[in-house]
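The values are calculated or read from the model by the stated rules, or taken from the named source; none is laboratory data. The structure displayed is predicted, hence computed values, not measured ones. Here the Cβ positions follow ideal geometry from the backbone for every residue, glycine too, while neighbour counts run over all protein chains shown. Note: accessible area is taken over every heavy atom of the protein model, side chains too, but ligands, DNA and RNA are not part of it. Shrake-Rupley method; radii C 1.70, N 1.55, O 1.52, S 1.80 Å.
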Amino acid sequence: MSETLLRPYSPDDVERLRGSVRIEHTLARLGAERLRTLLAEREWVAALGAMTGGQAVQMVKAGLEAIYLSGWQVAADANLVGGTYPDQSLYPANSGPALARRISNALLRADQINHGEGNGETYWLAPIVADAEAGFGGPLNAFEIMKAYIEAGAAAVHFEDQLSSEKKCGHLGGKVLVPTSQFLRTLVAARLAADVLDVPTLIVARTDALSASLLTTDVDEADRELCTGERTPEGFFRVRDGLDAAIARGLAYAPYADLVWCETSTPDLNEAEAFAAAIHEHHPGKLLAYNCSPSFNWRGHLSEEQIAGFQRDLARMGYRFQFITLAGFHALNLSMFELASGYREDAMSAYVTLQEREFALEDEGYTATRHQREVGAGYFDQVMQAVSGGASSTLALTGSTEEQQFDQERSAA
């Protein structure tokens, strides 16, 4: 963030496109400003991918300062169709912003609950870094999805340089790149959207050139050196993938993005260092992002010592935002499979084991054991008391099973 980002449009363009009514996007502004502060002050900012609002709340409660919103997870189990998809942009484009809004609302409720109880220790509105995939189309689509994410409260949005109609997860085959100049228009469109909405949203530019061997067209001079001359049955151009290709694209994107991300195939520190050094040679201090992906077999590549120090090593190279994209998907599925397996074999004993684990974690700040309070029953009791002048006889928590049994548990502890 030490260099001035390129904007090939004028302040007059921005003002003309704003319209006469100025809408304040408070959550997005707070998130963007806080994320910029965290990136400047922290050794690195760590985040996990959340699939639900509740997961995001638990992440913040456990001490994480940012939330990642993964398009893969939206495709898998958090889209507006209610379907299960691979990470190929097959779901409605507004599904990601809908999840961002759900996460924002969950964090706001957690803030309201705790504020109402006089607990102001936790900053609940953790910045959301959201996945806009390949923009779901051309520059106009990127402009619109950027606006939608800002309206939903996202602090940062990332775009990747794939062809949106052939988009694949970075760890799948068959990825098709768009020309460098075309992706720059995507980044410019996203920046214009943020400027029109007057929010300092961060833009993360991701390149998949490390493992993408197809290109839509060789129209861009910047890409021709990597073209092999071969064509596919679909008419795509075959290109040489690899680190040099990723570096070339990262350098092209850096002037337009707050952070640059090279999607990798393995957790390779030498590769990460080479990419970072090449970017910083021309753009000193440019912030980088790194996907600590669940697609990697971590112990198959690194020792325990290397795993333990991996993120600190990355931070020293300038990778300031580091995230585990599919953490929510894996945590949700593993925990439910373990509970269901135990429940099948041991009936209620399996659930009681889970509950006892919840009780044990309360000393570390876990509160979801008391699920009625967790979702706001006490908050709405306060609303009812305010409405009734303190004379309501229908308060939800008073006389509840939770109050009678779980508060006793805490007293006994």
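Helix 269-282 and the longest principal axis of the Cα set of the chain meet at an angle near 60°. Mean-square fluctuations from a GNM of the chain, with a 10 angstrom spring cutoff on Cα atoms, peak among 402, 234, 338 at 234. Computing Rg and the Kirkwood Rh from the Cα coordinates of the stretch 292-413 gives a ratio, Rg/Rh, of 1.14.
Applying 1/(1 + (r/R0)^6) with R0 = 51 Å to the Cβ-Cβ distance of residue 238 and residue 332 gives a FRET efficiency near 0.85. Average accessible surface for the chain: 47 Å² per residue, computed with a 1.4 Å probe over protein heavy atoms with every protein chain in place.
What a 1.4 Å probe finds exposed on the stretch 110-162 is 47% carbon and sulfur by accessible area, rounded to a whole percent.
In whole percents, the pair-distance distribution calculated for the stretch 348-413 from its alpha-carbon pairs, binned every 10 Å from zero, is 19, 43, 26, 10, 1.
Taking all protein chains as present, what is the carbon and sulfur share of the accessible area of the stretch 204-360, in % to the nearest whole number, probe 1.4 Å? Ligands and nucleic acids excluded, carbon and sulfur reach 52 percent. Taking every pair of alpha-carbon atoms in the stretch 109-211, give the share separated by more than 24 Å as a whole percent. When all Cα pairs of the stretch 109-211 are counted, 34 percent exceed 24 Å. If you bin all the Cα-Cα distances of the stretch 142-190 at 10 Å, starting from zero, the percentages per bin are 24, 46, 28, 1. Counting only lysines at least 8 places from residue 167 when in the same chain, those with an alpha carbon closer than 19 Å to its own are 175. When the alpha carbon gyration tensor of the chain is reduced to an equivalent ellipsoid, its three semi-axes come out at 41, 26, 20 angstrom, largest first.
Per residue, the convex hull around the alpha carbon atoms of the stretch 295-336 comes to 90 Å³. Spread over its residues, the convex hull of the C-alpha atoms of the stretch 310-376 is 147 Å³ per residue.
Convex hull volume of the Cα atoms of the stretch 3-79, normalised per residue: 169 Å³. For the stretch 248-354, the equivalent ellipsoid derived from the Cα gyration tensor has semi-axes of 39, 15, 11 Å, listed largest first. In whole angstrom, the stretch 189-291 maps to an equivalent ellipsoid with semi-axes of 25, 19, 12, each derived as √(5λ) from the alpha carbon gyration tensor and ordered largest first. With respect to the chain, whose longest principal axis is taken over its alpha-carbon atoms, helix 139-151 is tilted by about 20°. Taking trypsin sites (Lys or Arg not before Pro) across the stretch 202-306, the ones in a DSSP loop with at most 14 further Cβ atoms lying within 10 angstrom of their Cβ are 240. Direction-averaged projected area, Cα convex hull, the stretch 51-114: 4.2 nm², rounded to one decimal. Computed over the stretch 1-150, the range of Cα coordinates on each principal axis works out to 46, 38, 34 Å, biggest value leading.
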